[in-house]
Amino acid sequence: MVRRRSGLKRNSIGIMQGIFQSMGQVAPAADIAILLVATFSIAGSRTILSVIFGWLVYAVFMVTPYQFSKYKANAGSYYAFAAGSTESGKLGPVTALSFMYYDITGAAFGILGLSSFIFLISPRITAIPYIWILFAGAFTAYITIVTYIGIKPSLGYNAVAGLAEVLFLVIGAIIIILRVGPHNSIVPFTLPKNLGVGFSAIMFGAVFSILDFTGTGIVTTVSEEIKDPKRNIGRSILYAMILTAIAIIPATYALTVGWGISNIGSFASAPDAGIIVFGKYLGPIGVILLIIFTVNSYLTNGVSKATAVGRWWYSAAGDNVIFPKVIARIHPKYRSPYMAIIVWSITSFVLDVLMGLYFGPKTAAFILEAGTGISIIIVHIMANTSLTYYTRRINRFEFLKHALAPAVATIIGIVVIYFTVSNIWTRWITNPTPVNDAYFASFIITILWVVVGGLIVTLYYSKKRPEVLKNAGEFDVENAKV
């Protein structure tokens, strides 16, 4: 029997807010300014191949939430999809743990990413020790407060700011490409001569590129608050994927040729390389606009992230899975899952500051993001498997959409994880620096948390609380009594 659960306010937002709930999570300007540095450090002049491959992989991954959104409107998102896919609910806990790991480590993109971005803008700022912690604290406080006061004002701002951000990146990329002129090249689109090493680097770079697009499906977490969820969630995913490609892929190529293919090895080591390229070809106005949109991108990313985390943690806590019941509390005035938002914000902030103190904010962000990439791929693999089971369970199964497409996505995900692990292992063995040691440790912790932790928790619920798993993820807001 499915328990009635109420709290989140129905019909609070429309499709535009849904689209930019996804786009806010993607944060394209922040990708261009910071996160692509990691991909450039790995894939070099072929970074655009990593980005394109990352987008294609994520597009295949999006088949699952797109299909699920037709059948279930539950703020639990991937956790609820997995938990409700079978009558036993046994896929729920491991998905929840993996999703939770992604949330906590993925906050580094915003908390440490924005902090290091501002920290590196000027030598005068960089010279002030530990000032990045102040930026991190201010950012955390901002996203906590904005999401605490409710979904409508926060995602309304995301929609307006996000559209302006996309337009700026597209126009900026076109200007750079035109001004580069004869130095445009097809080299970034070709495979390297040393295919073994080169392809491995491109695939490892694709993990970070997948993170460039990660979050598109997170609009499923607002399923209980968006108008007509079983129609508008899927449309939001589709439109957001198109907009992310338009915003990021041309800009990646522009950064490559704008920096210079022959000098691309120095791109990753330069402070705020994206600003340097935009300044060179768009002048001071381009630099100022990129800084403004990048800061704004991090802020909208944080709001989108906190919105998503709060809602699926609230859903899982309401099901008595993983989280204590207190996490399911809804604010009586703002109708926000405020306890989930506060707990996540504090946990993420403490982790990011500790890592940032040891490795520096920029390097720490990349190390944590490696675990984020692996854990979110595992979440998608679990969701892919769940789609097949769930559509069979409700007698809506179609082979191409519900078996073949998710299976392809899972295989691709496994391949990406393989190349990621291969690259991390090779770096750790051949060049055992503290940073490479940290990448390796991040991978080990991820696997222990998700796989070992998932098995232990699943076994516990199966033996001690099977009735909890049986009811987990079954709620559907459109079938609920109001």
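Is it fair to say S116 is at pLDDT below 90, farther than 30 Å from Y334 by Cα and open to solvent by 10 Å² or more (accessible area, probe 1.4 Å)?
So S116 fails the test.
Within the range 317-343, which residues are under 22 Å from V94 (Cβ atoms) and either surrounded by 20 or more Cβ atoms within 10 Å (Cβ to Cβ) or at pLDDT below 95 (or both)?
Within the range 317-343, A317, G318, D319, N320, V321, I322, F323, P324, K325, I327, A328, A340 qualify.
For residues that are closer than 25 Å to V257 by Cβ and of a type in the set (S, T, Y), scanning just the range 42-68, find the one that is nearest to the chain's Cα centre (by Cα).
Step by step, filter the range 42-68, then rank; the result is Y58.
The conditions are (1) assigned to a helix (DSSP H, G or I); (2) open to solvent by 10 Å² or more (accessible area, probe 1.4 Å); (3) of a type outside the set (D, E, K, R), and I128 fails exactly one of them. Which is it?
In the conditions (1) assigned to a helix (DSSP H, G or I); (2) open to solvent by 10 Å² or more (accessible area, probe 1.4 Å); (3) of a type outside the set (D, E, K, R), I128 misses (1) alone.
Hand me the list of helices (runs of 4 or more DSSP H) wholly inside the range 417-472 holding 2 or more residues that are open to solvent by 70 Å² or more (accessible area, probe 1.4 Å) and within 23 Å of I377 (Cα to Cα).
Qualifying helices (runs of 4 or more DSSP H): 453-464.
Which is among the aliphatic types (A, V, I, L, M) and part of a loop (DSSP other than H, G, I, E, B), of V321, V277?
Answer to the check: V321.
When the residues of the range 92-108 are filtered to those that are of a type in the set (S, T, Y) and under 11 Å from the mean Cα position of the chain (by Cα), which remaining residue is farthest from F323 (Cα to Cα)?
By that ranking, first place goes to T105.
Kindly evaluate G205 against the criterion of being modelled with pLDDT under 90 and either within 21 Å of the chain's Cα centre (by Cα) or closer than 26 Å to V63 by Cα (or both).
In short, yes.
Any residue in the range 354-366 that's farther than 18 Å from T39 by Cβ and part of a helix (DSSP H, G or I): show its pairings with residues that are among the polar types (S, T, N, Q) and open to solvent by less than 50 Å² (accessible area, probe 1.4 Å) at Cβ separation under 6 Å, as long as the two are six or more apart or on different chains.
P361/S115; P361/S116
Given T244, T220, which one is within 14 Å of the chain's Cα centre (by Cα), part of a helix (DSSP H, G or I) and modelled with pLDDT of 95 or more?
Only one candidate qualifies: T220.
In a helix (DSSP H, G or I), buried (at least 19 other Cβ atoms within 10 Å of the Cβ) and hydrophobic (A, V, I, L, M, F, W, C): is that true of L387 in this structure?
yes
Does E369 satisfy the criteria of being charged (D, E, K, R) and surrounded by 19 or more Cβ atoms within 10 Å (Cβ to Cβ)?
It is true that E369 is charged (D, E, K, R) and surrounded by 19 or more Cβ atoms within 10 Å (Cβ to Cβ).
Among the residues of the range 71-90, are any at pLDDT below 95, open to solvent by 10 Å² or more (accessible area, probe 1.4 Å) and under 26 Å from I444 (Cα atoms)?
yes
Among the residues of the range 154-190 satisfying the criterion of being among the polar types (S, T, N, Q) and under 30 Å from Y338 (Cβ atoms), which is surrounded by the most Cβ atoms within 10 Å (Cβ to Cβ)?
N158
Name the pairs whose Cβ atoms lie under 8 Å apart, with the first residue in the range 135-153 and open to solvent by 40 Å² or more (accessible area, probe 1.4 Å), the second among the aliphatic types (A, V, I, L, M) and in a helix (DSSP H, G or I), and 6 or more positions between them or separate chains?
F135/L114; F135/I118; Y142/L299; Y148/I341; Y148/I342; P153/V146
Can you say whether Y314 is over 18 Å from the mean Cα position of the chain (by Cα), buried (at least 20 other Cβ atoms within 10 Å of the Cβ) and at pLDDT 95 or above, as far as the supplied structure shows?
yes
The values are calculated or read from the model by the stated rules, or taken from the named source; none is laboratory data. Nothing here was measured: the structure is a model prediction, and the numbers come from that model. Counting neighbours? That spans all protein chains shown, and the Cβs are built from the backbone with ideal geometry, glycine included. Note: accessible area is taken over every heavy atom of the protein model, side chains too, but ligands, DNA and RNA are not part of it. Shrake-Rupley method; radii C 1.70, N 1.55, O 1.52, S 1.80 Å.
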